[in-house]
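The values are calculated or read from the model by the stated rules, or taken from the named source; none is laboratory data. From a predicted model like this one, the values you see are computed outputs, not experimental measurements. Because the Cβ atoms are built from the backbone with ideal geometry, glycine has one as well, and the counts that use them run over all protein chains shown.
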Amino acid sequence: MNVDLGIWSKLTKLVVGLVVLAVLLLIGLCYLPVIKENERMRRQILRFQNQIEREEARSKELQAQVDALLHDPKTVERLTREKLGYAKPDEAVVRFETALTNSLIRP
């Protein structure tokens, strides 16, 4: 038996539809801060991963320098000559100084 209730059946369907839409909207609004926090954390993780890669590359460079200083006497000799100004007994050390410009000289 199908009884036509007229406008009441249509209104009931509309109200049920609006309630379902309101519940879905409420669920969406509740999860929106969680979704934004998740996106922020993913960006932060990406920044940290990039920083880790840079630091690992720097660590490899420094380790190569340490290995060269520990195992390569020519590297030690070169750095001693450059940084400390040492020379062999038959060599002369020549140092060049930068010339003063007018902007550095005050009247």
Can you pull out every residue in segment 62-75 that is surrounded by 10 or more Cβ atoms within 10 Å (Cβ to Cβ) and among the charged types (D, E, K, R)?
ASP67, ASP72
Is it the case that ARG47 is in a helix (DSSP H, G or I) and either modelled with pLDDT of 95 or more or at positive phi (or both)?
yes
